[in-house]
Amino acid sequence: MPAVLRAILLETQRRCGPHLLELLDKKILVTYQICNIIGDESALHSMLACKGASGHKPCYRCPTILSKQCSKQLGEEMMPDGFFSIAHPSLAGLHQSTDEDIWELLSYLEEQQPNVSKQRFAELQRSIGWTLAPGNLQLEPNLRTSLPPSCFLFDPLHCYFSQGILGTEMTLLVGRLKHNNYPLSSLAAAVSDCSKSFTSLHPPNVTALSDRFFSEETWKANASTQLGLWPLIHWTLQTRLPGHIKEALSAELSSFHALCEELKHINICKHAGTSRGLATLQSIQEKHMLAFVAAYTEECCKPKHHFRLHVIEDYWKRHQLFDCVALERKHRLAKAEIEARGNNLSAVDRCITARLNLIQLDEMKSYRFGFQVVSPDILQHGCFPVRVLTPLCFVEASMLLVPVKWVQTQKGPCDPCLPWWRDICALANASRALFNATRISLAYRAWRGYVLNKERRRQENEAARARDPRPFLGLREQGLEDSSDPEP
């Protein structure tokens, strides 16, 4: 993923350079650039090549926030000064890394890699929270200033709704309600009854309040369903819940009420387009975090409880709240088509692989050079390439993608300063990422071909046996072996 991001940045810089616009009598020089990248935490960690939740420091911005496992092993008494768990209620008092701090950490990892063992270096990466991924643009001083780590933003949609905080708290709250003899079916019936008292163009999907939508960790309803249901659930718990259950679950209901207040204020800030009230929103976040820990303990906290604090911080800096709602709705059509065809592996092989094949061919045709795959040692010895790059051929890390015309006229290492060579390297990285998406399908094709060939050979042998069984019989059965006992 870091190599793909690097290729995208290079392509953007090449195609979106300075342009001269003429507006009436004025001429304006316009330059396009990537300002921000927004995504869920797994996508950001993949693009930045940081450890995330798999390391000791789940947040790439806050080096003093430790993972739950580290906090549990250390305990409150052994926690170093200035370090906190992911249940810390606010960003106040936290040290946040600057872009220069992160680049210095990566330089330190580059210095330590040749001097320590692989096991020690892996532990060092887990402790620091960053990795040395090949192709990471944060390792290149001439590229990382165009897209520094501070440009990567956490998506509020994934922090709250898409397997986020609301799903986690709903799962915990439903479990406590069931423990107090208030089943999920009763909550669904009450929510459905409340929804009938008003008209809506998009009625809420009350069927998501069933056991099959709840796992041990989260509420599996999609983000749109959760967006439509949480106000009704909040209203139902306030008005329809029996009094004795309210008393028994006062801490849990206080936490859920604080979360709903937070969601309401975020929605207001998003549609109002103003940063007024952000101080109130930050105080509500702190109130909810304290109430959640009091109701469910720190063990139930997720990294997204901390990531949402940065959502409001980014709003302070940019005076605008970004999210992935529109993008998720557009991608849902493609995901639904792939999921529908994914039930039939032969359809996936025939449709998706062929489509990716055509995409790569179009990319290759856009360049004026032909391509061949060669090994670096072959180039050093001045030999010509031996294999032609076929569509969807995987570009190994030990191989280079070079133009045919260059190989036929030159015998030596490639000049990385040539402009077309940088384009070729970017295409090689994109081709490598493209093939990763089709590995499973190609593996299935190989397995299916082996099974079909084996079945075809078995059928041919059976047909031949039916025509003439003698070649398949033993010598004794054919009468060619003397069955008498040998003489002493």
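Exactly one residue out of Ala294, Ala279, Ala258, Ala272 is surrounded by 13 or more Cβ atoms within 10 Å (Cβ to Cβ) and among the small types (Gly, Ala, Ser), and it is Ala258.
Could you tell me whether Gln138 is without any contact (Cβ under 8 Å) to a residue 40 or more places away in the chain and over 27 Å from Cys300 (Cα atoms)? Criteria not met by Gln138.
The residues in the range 116-135 that are outside any loop (DSSP other than H, G, I, E, B), in contact (Cβ under 8 Å) with a residue 40 or more places away in the chain and out of contact with any Ser or Thr (no Cβ under 8 Å at 6 or more places or on another chain) can be counted, and the count is 3. If you check Gln33, Gln113 for being farther than 30 Å from Lys287 by Cα, in a loop (DSSP other than H, G, I, E, B) and among the polar types (S, T, N, Q), only one passes: Gln33.
Note on the range 68-101: residues that are outside any loop (DSSP other than H, G, I, E, B) and surrounded by fewer than 21 Cβ atoms within 10 Å (Cβ to Cβ) amount to 14. For the range 28-67, filtering for residues that are under 27 Å from Cys16 (Cα atoms) and either in contact (Cβ under 8 Å) with a residue 60 or more places away in the chain or surrounded by fewer than 18 Cβ atoms within 10 Å (Cβ to Cβ) (or both) leaves 19.
Rule-based calculations on the coordinates, nothing more; no lab input. Quick caveat: nothing in here was measured; it's all calculated off a predicted structure. All Cβ positions, even for glycine, are placed from backbone atoms using ideal geometry, and neighbour counts span all protein chains on display.
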